[in-house]
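Here's the structure we're looking at; comments come further down.
Bear in mind these aren't lab numbers, they're just calculated from the coordinates by the rules spelled out. What you see is a predicted model; the values in this text were computed from it and never measured. As a convention, Cβ positions derive from the backbone with ideal geometry for all residues, glycine included, and neighbour counts pool all protein chains shown.
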Amino acid sequence: MIITKKRDFKALLENIADYKSFFLVGCSECASLCGTGGEPELAALKIALEAEGKTVTGTMLPKTGCQTLGTKIELKKDKDACAAADAIIVMSCGAGTQSAVEIFPDKPVFPSNDTLFLGNMTRFQMFDERCSLCGECILDKTGGICPVTACPKGLLNGPCGGTNEGKCEVSPDIECAWVRIYNRMKKTNRLEDFKKTLSPKNWSASRKPATLNTRGEKEEVKK
Amino acid sequence: MSLRDALNSGKFVVTAEVGPAKGTDIKKILHESELLKGKVDALNVTDNQSAVMRISSVSFCKLLLEMGHEPILQMTCRDRNRIGLQSDLLGASILGIKNVLCMTGDHPNAGDHKEAKPVYDIESVQLLQIVAGLNAGKDMMGNELKGATDFYQGAVVTPESNPIEPQLMKFEKKIAAGANFFQTQAIYDIDKFKDFMSYARQFPVKILAGLVLLKSAGMANFMNKFVPGITVPQNLIDELKAAGKEKALDAGIDIMARHIRQLKDEKICDGVHIMAIGAEDKVPEIMERAGLL
Ligand code: SF4
Ligand code: SF4
């Protein structure tokens, strides 16, 4: 899921200083799980904005904010409330915010969140970054632990000289990804794979912006 | 004599380290380099060491060449992508630089530009492969070069890293990738180092033991606590303490000289790499006490 963090309310207020009335859009997927764009957060932002003398014309929680077409259809029932607003505030990730930009071509759209990373939820509202969407997965070669993401240097061939008692040189709070990979490969009898030298990563596979079309027979990522 | 010839001749080789200045005033570092002239076999030029921005290592290597030194160009993967690295390597080659030490490089987090975007497009093992390719007249994509490089390739290893196995596996990858010589992270326990050497000796590479000058008991304790892969044994810390504040540096010089003597007399490794860290002017004295001058 996409991990988001609530923006400082003051910063949001500065962004929307020129506008009076707002329609608020959340997201029932990731942003709800992150506690940044679900039902309670929509209600809380409404109250906070009204306390600042702003008007909230309506709020709405789409099923999946980044699903542009679906969100557009869901928003039909709120047509009037949307029309009455000077601007839209989106409480989701940057993708959801840009769905709204597409749905509301004539209105300013503001994000209420910062979008951080693709994360695993390890416990309720605790998230770890495990994959950085590099476009060509090497988990098969690294014992199922991703060094592109878990090693701050993204090294592919073993630990740097800075690893210390299994901890990372960059921060003693994190485990050295390569020590973890080593331990796991040892446990699963895959040290022969550890010894293989990996080639430099093909970064063209993660070049931005990507598009993907999986309709019909054709399946291709365009760069 | 080139570093390659010196190591191949079986001579006990001594290298030391100079760090380019932060700024254009290079009087001090030129003076320190001058002091080492004719004494050490080669001089490492660090590459934005500890991720602190300084003069480029290629430029400073060129100055050393003009002064008649044998420079070792340190090249880290932190600040340049694969295009930049290859381009700088070709540039170093036409300037006459022959030795390159391939390293990953400390994370920007450690340095004075913490907000920098780290590159690490490739890493030390892959950089060694790339240098081997440039030596063979090809860039890393297999494109023919108009004129090959002729680098003597070095790398680093941390013999006291814990756990050691993944470190040693990487050491072997570096050898397979083309490393000719290694300079180690600082070692203080010669017996432990002997264990590493008895393993390393099965490979056709030259090993220079890394030695960092201890300037006080406090520094030794600090290194034990904060520098990964370095363990200063208690007896050395006691020795520094016993020397008292005034004489601590002197004791540190003694310790290093003693270690050099032992490494050389017992033919434990192929040479030493002296890291004086701010006391470069003491290197001749260390060498003298070690019986090398
Ligand atoms: S290798 Fe790439 S795709 Fe696979 S987990 Fe890591 S970042 Fe994600
Ligand atoms: S200590 Fe381990 S995780 Fe940290 S940068 Fe080095 S190799 Fe990567």
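List of remarks:
- Zone residues, the stretch A:125-164, relative to residue A:196, backbone N less than 17 Å from point 7 Å out along Cα-to-Cβ: A:136-148, A:156-158
- Cα shape, the stretch B:26-141, gyration tensor, a/c 1.5 rule: oblate
- For the protein assembly as shown, share of DSSP beta bridges that run antiparallel, in % to the nearest 5: 25 percent
- Remark: the residue A:207-residue A:9 segment gains 67.9 nm on full extension, using 0.36 nm per residue and subtracting the alpha carbon distance.
- Relative contact order for the stretch B:19-108, counting Cα pairs under 8 Å that sit 6 or more residues apart, in percent: 31 percent
- When the P(r) is computed for the protein assembly as shown, the part past 29 Å accounts for 60% of the Cα-Cα pairs.
- Built amide H within the under 5 Å cut-off of residue B:182, gap 5+: B:155, B:206, B:207, B:208
- In Hz, Karplus ³J(HN,Hα) per residue of the stretch A:195-204 (6.51, -1.76, 1.60; θ = phi - 60°; x = Gly, Pro): 6, 6, 7, 8, 6, x, 6, 8, 6, 5
- For chain B: span of alpha carbons on each principal axis (Å, largest first): 60, 45, 41
- Distant-in-sequence amide H partners of residue A:21 (H built 1.01 Å from N, under 5 Å): A:55, A:86, A:87
- Take the Cα of residue B:21, step 7 Å toward its Cβ, do the same at residue B:262, and the gap between the two points is 3.9 nm.
- Gain upon complete extension [residue A:187, residue A:120; 0.36 nm per residue less C-alpha separation]: 21.8 nm
- When only Cα pairs below 8 angstrom with a gap of at least 6 residues are kept, chain B shows a relative contact order of 17 percent.
- Lysine pairs with alpha-carbon atoms under 29 Å apart, the stretch B:229-283, spacing 8 or more or separate chains: 7
- Peptide-level mean, for B:116-123, of C-beta atoms on other protein chains within 10 Å: 5
- Whole-angstrom gap from the stretch B:1-67 to the stretch A:1-44, using each part's C-alpha centre: 56 Å
- Relative contact order %, the stretch B:101-241, counting alpha carbon pairs below 8 Å whose residues are six or more apart: 20 percent
- Residues A:134, A:176, A:146, ranked from the fewest to the most other C-beta atoms within 10 Å, line up as A:134, A:146, A:176.
- Treating r as the C-beta distance of residue B:234 and residue B:164 and R0 as 22 Å, the FRET efficiency rounds to 0.55.
- Average partner coverage of A:169-179, which counts Cβ from other chains inside 10 Å: 3
- Paramagnetic label reach from residue A:86 (point 7 Å along Cα→Cβ; backbone nitrogen cut-off under 19 Å): within the stretch A:101-144, residues A:104-112.
- Restraint check, A:141/B:173; A:196/B:117; B:170/B:215; A:153/B:27, Cα-Cα greater than 23 Å: A:196/B:117; B:170/B:215; A:153/B:27
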